[in-house]
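Remarks on the structure that follows.
The values are calculated or read from the model by the stated rules, or taken from the named source; none is laboratory data. In this text the structure is predicted, and so the values were computed from the model without any measurement. Neighbour counts are summed over all protein chains in view; Cβ atoms, including those assigned to glycine, are modelled from backbone coordinates with ideal geometry.
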């Protein structure tokens with residue numbers, strides 16, 4: 001590696017008001033918020049550029065023109081040892097996923113780490129479900145004596161949920177359910193006949209369970225310069241309409257419009273530069289991922305948004321004399337309390353009725369059943385709860401592969417919509433445990449000379465007990481719907497597989513047990529903010545990105561106000 | 001390996017290393033109109049008519065073209081050449097011999113293939129080879145442009161998702177854009 005010396009005016013040219021590390025779902029928001037408030041912002045991204053529209057390679061490719069008809073042949077699979085296990089993995093998505101061969105890590109216990117190292121990160125691939133947390137989600141750690149108390153409550157974040165929902169554009173209904181508080185919504189996606197049938201039958205049999213249309217970061221009407229969804233359900237290729245929210249379709253172009261954004265891809269942050277005299281972050285050391293040259297950038301404040309494990313890895317790599325266990329880690333909590341939701345369990349069903357109803361287009365939204373257990377009191381043999389993300393559709397020609405039949409009549413039958421198929425998958429909260437952790441490997445390094453991350457996480461007894469109820473709940477709801485057949489499933493997938501990894505730099509009131517305060521500000525270093533999933537003190541069961549984005553916007557507002565008062 | 005073991009392995013042909021390349025090559029040849037110009041490498045001369053007739057009994061011309069019009073017999077030829085081992089190829093070849101003996105008029109052929117198909121899906125070992133012939137016929141046809149656009153409703157840009165519309169006799173199923181095969 002070659003050091004580029006900063007001399008003369010070099011440091012000045014490399015100095016910004018703020019550095020944002022990572023351009024994924026929270027990094028994009030941080031860059032947008034800070035630039036719109038007038039700060040000159042350097043946005044660093046370790047991967048390549050992906051420009052909205054221009055770099056969506058397969059956005060309009062017909063299926064018969066996709067390489068290998070979208071299958072990834074074995075000779076290409078060896079680079080994607082972990083990523084190939086993702087449900088989305090195919091020719092049209094793999095370029096937005098890392099090559100595991102370039103970015104290895106160590107699984108001390110099985111952990112599927114799905115990543116996207118490009119501008120936009122995993123905001124190009126996320127499922128886009130957006131549900132607010134409710135008060136009990138924030139209170140539970142304190143009430144049950146688990147983990148650390150959240151330093152905020154629902155009222156602290158509610159205005160920021162609204163702020164993000166209005167910016168991003170969330171389609172959904174105001175359903176009036178306290179466990180998923182209503183937000184600011186565009187019109188919801190349609191339900192089909194099966195969704196409505198399930199909604200009715202479930203409510204009749206289980207009055208406390210509500211099936212609602214998914215609340216999605218996908219536009220149902222034109223909004224903030226992006227166009228509404230056209231019903232292709234190919235969001236993961238990059239959308240030519242900009243309907244699904246991503247940093248690429250939203251935050252980065254909007255940040256760029258201010259004239260205050262500098263975006264530098266191919267920039268791996270090796271460490272943060274700590275000024276021990278001032279007890280502040282002075283800047284960052286980066287390695288250019290293509291040339292391996294190193295350089296430095298400087299700023300008044302730093303927002304660390306490199307994704308849950310990426311941010312924590314940078315802090316661990318930045319250890320100093322004052323912080324021998326990792327920067328901003330006087331608590332010892334850094335790297336610990338790693339969590340991921342647990343899912344891959346539920347039931348599916350088939351139905352030969354409703355033959356006279358179909359739908360136009362493919363809906364990128366699910367139907368959702370919010371948590372209905374342990375809401376007012378804990379009356380189960382486990383703590384916390386789970387929600388359901390469900391999909392319904394009619395069969396296509398592929399049903400012919402496994403059924404007897406030949407000839408004209410059978411062929412014509414295959415060209416028609418088949419039976420209804422219903423899929424109910426539960427997503428459960430996972431408790432924070434100290435021993436679920438990440439650390440830097442003392443020996444193994446990647447091709448840039450940075451230590452590999454060791455990941456050690458296992459689900460616990462609370463999760464196992466909850467899973468029995470998750471499966472049983474799915475079965476009983478589908479049986480109540482009186483469909484033709486119901487069968488349960490449990491994929492027993494390892495941690496990481498839900499791609500909601502959180503924790504390892506948790507928020508808390510007490511600097512002795514947490515890394516960040518109620519503003520996502522490091523207890524130890526006041527100009528360092530961490531607002532991605534690493535900050536989470538618990539997981540709830542709702543998809544987390546909306547909460548990450550709200551925390552980010554809130555922290556940006558706080559940081560800039562402090563800067564204006566010269567307190568940062 | 002016993003005959004039963006070999007039969008079991010036939011079900012894995014779509015997972016063979018070469019299968020995606022073979023399918024991709026076939027679809028490209030459909031597009032550039034050369035699908036029916038290929039020289040067969042698996043099927044012998046005396047088997048060519050049999051396999052063409054067989055795929056057309058499985059998927060004859062209806063509102064969309066027949067399987068052989070799209071060149072599906074050539075796709076099968078490529079799959080059986082590239083994705084099968086010698087034991088598996090022998091199973092297919094021995095199976096096809098049954099057809100050759102039994103050809104009479106068209107009605108008889110259809111009845112015969114219908115019977116074999118039923119036996120194959122009932123799990124009769126003797127006809128298990130037919131399953132892979134049929135499955136590859138379906139895959140080759142329905143993933144082609146003809147199959148995707150004429151034997152399915154290919155909605156490249158639907159305009160918007162509408163949750164409930166009437167399904168009539170003429171309603172086609174949405175074409176599959178993301179192929180996930182599980183045989």
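Note on the range A:482-508: residues that are over 21 Å from the mean Cα position of the chain (by Cα) and either in a strand (DSSP E or B) or closer than 13 Å to residue A:536 by Cα (or both) total 7.
Taken over the range A:149-164, residues that are assigned to a loop (DSSP other than H, G, I, E, B), touching a residue at least 60 places away in the same chain (Cβ under 8 Å) and in contact with a helix residue (DSSP H, G or I) (Cβ under 6 Å, 6 or more places away or on another chain) amount to 2. The set of residues in the range B:121-135 that are in a helix (DSSP H, G or I) and either more than 10 Å from chain A (Cβ to nearest Cβ) or over 26 Å from residue B:32 (Cα atoms) (or both) comprises B:121, B:125, B:126, B:127, B:128, B:129, B:130, B:131, B:132, B:133.
Would a scan of the range A:195-209 turn up a residue that is buried (at least 22 other Cβ atoms within 10 Å of the Cβ), assigned to a helix (DSSP H, G or I), touching a residue at least 60 places away in the same chain (Cβ under 8 Å) and within 22 Å of the chain's Cα centre (by Cα)? No - not one qualifying residue is present in the range A:195-209.
Taken over the range B:91-113, the criterion of being within 11 Å of another protein chain (Cβ to nearest Cβ) and without any contact (Cβ under 8 Å) to a residue 24 or more places away in the chain is satisfied by B:111, B:112. Residues that are farther than 17 Å from residue A:414 by Cα, in contact with a helix residue (DSSP H, G or I) (Cβ under 9 Å, 6 or more places away or on another chain) and either assigned to a loop (DSSP other than H, G, I, E, B) or more than 7 Å from chain A (Cβ to nearest Cβ) (or both) within the range B:144-179 comprise just one, B:178.
Of the residues making up the range B:15-24, one or more are over 15 Å from the mean Cα position of the chain (by Cα), within 14 Å of chain A (Cβ to nearest Cβ), at pLDDT below 75 and part of a helix (DSSP H, G or I). The set of residues in the range A:123-148 being in contact (Cβ under 8 Å) with a residue 24 or more places away in the chain, farther than 23 Å from residue A:558 by Cβ and over 19 Å from the mean Cα position of the chain (by Cα) consists of A:136, A:140, A:144, A:146, A:147. On inspection, residue A:243 passes the criterion of being touching a residue at least 24 places away in the same chain (Cβ under 8 Å) and touching a strand residue (DSSP E or B) at 6+ places or on another chain (Cβ under 9 Å). Of the numbered criteria (1) assigned to a loop (DSSP other than H, G, I, E, B); (2) under 22 Å from the mean Cα position of the chain (by Cα); (3) within 25 Å of residue A:497 (Cα to Cα); (4) more than 14 Å from chain B (Cβ to nearest Cβ), the one residue A:79 fails is (2).
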